[in-house]
Amino acid sequence: MPERPILRLAACVAAMMIAAAPAAAQNASDPVVMMSRAAELSQSGKAAEALPIAQQALALLEKQRGPDHPDVGSALTYVGLLNQQLGRTKEAEALYLRALAIRQKALGADHADVAVTAENLAILYRATGRRDEAELLFKRALAINEKAHGADHPAVAATAGGLAALYQEAGRQRDAEPLYQRALAIREKAYGPGHPHVAITLVTLGELYRTTGRLTEAEPLFKRAQTISEKAFGPDHPDVATALQELAMTYWVQNRIDEVEPLFQRSLAIREKAFGQDHPAVAQTLNTIAAFYRDQGRHSDSEPYFKRVLAMYEKALGPDHPGVATSLNNLAVLYQEMGRPVDAEPLAKRALAIREKSFGPNNPQLINTMHNLAELYRTLGRDAEADALAKRAEAIKQKNR
């Protein structure tokens with residue numbers, strides 16, 4: 001869920017910088033033109049190619065306009081977004097914090113641009129398990145947007161949705177639901193009930209209902225989102241693929257197995273056509289299909305999908321990205337289920353090492369990987385190593401309560 005708001009905000013930052021530039025700026029070495037090029041690359045799933053261009057544009061802006069100019073704050077926010085997409089969370093945090101300081105000083109603490117950077121930092125903290133800090137920033141961004149734009153503005157809906165997602169991930173569904181419903185009501189009022197932005201909110205509310213077992217409420221939301229997106233964009237748009245995938249997952253939980261695979265495969269075909277074979281959105285669908293096959297005991301069908309996802313993430317994000325760790329862990333669990341613990345062990349160990357590097361040695365993000373590796377050690381008869389790892393996981397859990 002976090003990828004979509006990150007990409008939307010990246011586009012907003014690039015658009016703000018273009019709007020602020022002189023109309024005559026057409027030189028390829030102009031920082032605004034460079035930022036626009038970087039935005040195009042990142043939205044095509046090429047964040048690694050976009051980052052050096054954006055960094056060069058940032059350096060030029062600092063030289064041309066001074067280190068404390070608001071446009072430098074915009075550029076810092078955007079470069080932070082790219083670092084976050086590439087799993088470089090420490091670099092992203094430093095950039096966001098500097099951008100926040102610049103914008104607060106230049107624009108005032110209640111400016112809408114301050115809310116943008118605060119929300120980006122909140123998304124980063126949410127992704128790295130720093131939920132208390134994320135909640136404070138989401139609430140601050142929400143308050144700023146309400147003051148700057150009014151209670152019924154789409155920016156308020158976007159921030160409310162981000163806070164709702166945080167609550168949902170923290171198991172606070174009762175807190176999440178009214179925020180999702182508020183976001184839906186705002187967007188229906190602002191855009192009309194058949195607008196694509198409404199479809200996006202229908203999907204997020206449907207996800208909440210599905211994950212809390214309210215399947216009969218989730219299904220019509222996904223179907224409505226599919227209808228809206230098909231009417232707005234045609235049957236082969238990525239938003240249609242998203243609704244189809246969510247509907248497939250609902251049928252999966254309902255054990256309507258014969259209806260699941262065709263929806264997954266149609267979603268995959270749409271995304272491959274729209275984005276190409278190596279886009280992160282394609283990887284996400286492949287991963288879900290692989291998990292479905294594994295759940296159905298179709299391990300030989302699942303394995304090539306998990307392998308393809310791992311190769312895609314390594315190529316797009318680099319070998320040390322948390323997304324790579326997730327793929328490694330998924331493949332390790334599959335091999336464990338297939339009775340191939342020797343193949344699983346190096347994958348699980350590498351997944352843990354990546355997460356330790358990304359999040360630190362005491363982050364809750366490590367717990368699931370530790371438990372999987374401990375189970376693997378027990379299968380291999382290495383109980384002492386399993387006990388030590390399980391004990392460490394429990395200590396992290398207790399520390400972060």
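The values are calculated or read from the model by the stated rules, or taken from the named source; none is laboratory data. All values reported here derive from a predicted model rather than from experimental measurement. When we count neighbours, we look across all protein chains shown, and the Cβ atoms used for this are built from the backbone with ideal geometry, even at glycine. When the accessible area is computed, the model is the full protein with side chains, heavy atoms only, and any ligands, DNA or RNA have been set aside. Shrake-Rupley method; radii C 1.70, N 1.55, O 1.52, S 1.80 Å.
The sole residue among 384, 311, 390, 395 that is closer than 30 Å to residue 44 by Cα, hydrophobic (A, V, I, L, M, F, W, C) and either under 26 Å from the mean Cα position of the chain (by Cα) or open to solvent by 20 Å² or more (accessible area, probe 1.4 Å) (or both) is 311. On the given criteria, is residue 401 of a type in the set (D, E, K, R) and outside any helix (DSSP H, G or I)? So residue 401 passes the test.
Tell me yes or no: at least one residue of region 94-106 is under 19 Å from the mean Cα position of the chain (by Cα) and charged (D, E, K, R). No, that holds for no residue.
Every condition in (1) at pLDDT 90 or above; (2) out of contact with any helix residue (DSSP H, G or I) (no Cβ under 7 Å at 6 or more places or on another chain); (3) of a type in the set (D, E, K, R) is met by residue 8 except one, and the failing one is (1). Evaluate region 377-396: report whether one residue or more is at pLDDT 90 or above, touching a Pro at 6+ places or on another chain (Cβ under 8 Å) and more than 22 Å from residue 321 (Cβ to Cβ). Yes, region 377-396 contains a residue that is at pLDDT 90 or above, touching a Pro at 6+ places or on another chain (Cβ under 8 Å) and more than 22 Å from residue 321 (Cβ to Cβ).
The residue that is surrounded by the most Cβ atoms within 10 Å (Cβ to Cβ), counting only those in region 340-367 that are assigned to a loop (DSSP other than H, G, I, E, B) and out of contact with any helix residue (DSSP H, G or I) (no Cβ under 6 Å at 6 or more places or on another chain), is 363.
Counting only helices (runs of 4 or more DSSP H) that fall entirely inside region 186-276 and contain at least 3 residues that are out of contact with any strand residue (DSSP E or B) (no Cβ under 6 Å at 6 or more places or on another chain) and under 29 Å from residue 149 (Cβ atoms), the qualifying elements are 196-211, 215-233, 238-253.
Can you find even one residue in region 227-240 that is free of Cβ contacts under 8 Å to residues at least 24 places away in the same chain and among the β-branched types (Val, Ile, Thr)? Yes, region 227-240 contains at least one residue that is free of Cβ contacts under 8 Å to residues at least 24 places away in the same chain and among the β-branched types (Val, Ile, Thr). Considered as a group, the residues in region 202-228 that are farther than 20 Å from residue 170 by Cβ and among the hydroxyl-bearing types (Ser, Thr, Tyr) include one that is least open to solvent (accessible area, probe 1.4 Å), and that residue is 227. The residues on offer are 87, 45, 66, and the sole one that is modelled with pLDDT of 90 or more, open to solvent by less than 40 Å² (accessible area, probe 1.4 Å) and on the phi > 0 side of the Ramachandran plot is 66.
Within region 369-380, can one find any residue that is farther than 25 Å from residue 257 by Cβ, of a type in the set (Asp, Glu) and without any contact (Cβ under 8 Å) to a residue 60 or more places away in the chain? Yes, because at least one residue in region 369-380 is farther than 25 Å from residue 257 by Cβ, of a type in the set (Asp, Glu) and without any contact (Cβ under 8 Å) to a residue 60 or more places away in the chain. Just checking, does region 173-182 include any residue being crowded, with 16+ Cβ neighbours inside 10 Å and in contact with a Pro (Cβ under 8 Å, 6 or more places away or on another chain)? No, there is no match, as no residue in region 173-182 is crowded, with 16+ Cβ neighbours inside 10 Å and in contact with a Pro (Cβ under 8 Å, 6 or more places away or on another chain).
Among the listed residues 337, 259, 303, which satisfies the condition of being more than 25 Å from residue 82 (Cα to Cα), in contact (Cβ under 8 Å) with a residue 12 or more places away in the chain and open to solvent by 60 Å² or more (accessible area, probe 1.4 Å)? Step by step, each of 337, 259, 303 is checked, and only 337 is more than 25 Å from residue 82 (Cα to Cα), in contact (Cβ under 8 Å) with a residue 12 or more places away in the chain and open to solvent by 60 Å² or more (accessible area, probe 1.4 Å). Just so you know, in region 124-140 the residues that are within 20 Å of residue 156 (Cβ to Cβ) and not hydrophobic (A, V, I, L, M, F, W, C) include one that is most open to solvent (accessible area, probe 1.4 Å), and it is 139. Could you tell me which of the residues 194, 150 is open to solvent by 20 Å² or more (accessible area, probe 1.4 Å), over 28 Å from residue 96 (Cβ atoms) and modelled with pLDDT of 95 or more? Result of the check over 194, 150: 194. Only residues that are open to solvent by 20 Å² or more (accessible area, probe 1.4 Å) and over 18 Å from the mean Cα position of the chain (by Cα) were counted across region 262-300, and they come to 18.
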